[in-house]
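The values are calculated or read from the model by the stated rules, or taken from the named source; none is laboratory data. Quantities reported herein were computed from a predicted structural model and do not represent experimental measurements. Virtual Cβ from ideal backbone geometry, glycine too; neighbours counted across all protein chains shown. Ligands, DNA and RNA are stripped out before the accessible areas are found, and what is left, the full protein with its side chains, is counted by its heavy atoms. Shrake-Rupley method; radii C 1.70, N 1.55, O 1.52, S 1.80 Å.
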Amino acid sequence: MRLVGFLLISILCFADVGLADESPCEKAAKQLRGSLQMTQSQGGIWGYMEKASSLKKKSMLGFQVDGKLARLVTHWETLCAKEAPPQETYNIIASNLEQARQIVNKTPGRTPPQKLMEMIKGLNQSLDKAYGQLGL
């Protein structure tokens, strides 16, 4: 009985040891992946554009933006597997994900379609710039 109690206590005490070994790069990867998933859980930019009748005809741009965002996060995860990438790389990726979250959090009926398209085109341009900065 004592042995079972000791084993249970040991398991509970050391259950989080693997989590403590997580590197800052892995933590950042989880944050970036979580931010991407928050945007994608709402359908992403493409889904957002498909829901808004005024943006639906141009939704292929949203599809491209979603792919670019996912590729940036995957790029970070790949870099983490090799070495710790610079903070600047994280900042570039995180700022683009934040832009995407701001877009999908807007209500299409309250924001003029022209303004939404400007924001989406601006995000697409920002992603293209990020790709150039990161050598993708």
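Tabulated data
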item: Correct option for percent of Cα pairs over 24 Å apart [calculated from the coordinates] among (1) 23; (2) 36; (3) 42; result: (3)
item: Total charge dipole magnitude, the chain, about the Cα centre, Cβ charges on Lys, Arg, Asp, Glu only, Debye to nearest 20; result: 740 debye
item: Acute angle (nearest 10 degrees) that the helix 2-14 long axis makes with the longest principal axis of the chain, alpha-carbon atoms; result: 30 degrees
item: Over 28 Å (Cα to Cα) - which of 51/115; 51/82; 27/68; 51/121 fall in this group; result: 51/82
item: The chain, accessible area per residue, ligands and nucleic acids excluded (1.4 Å, Å²); result: 64 Å²
item: With every protein chain in place, the chain: carbon and sulfur % of accessible area (1.4 Å); result: 58 percent
item: Tilt relative to the chain, helix 87-104 - C-alpha long axis, 0 to 90 degrees, to 10; result: 60 degrees
item: By average C-beta atoms within 10 angstrom, highest first, the peptides 69-82, 123-136; result: 69-82, 123-136
item: Shape of the range 80-136, Cα gyration tensor, a/c cut at 1.5; result: prolate
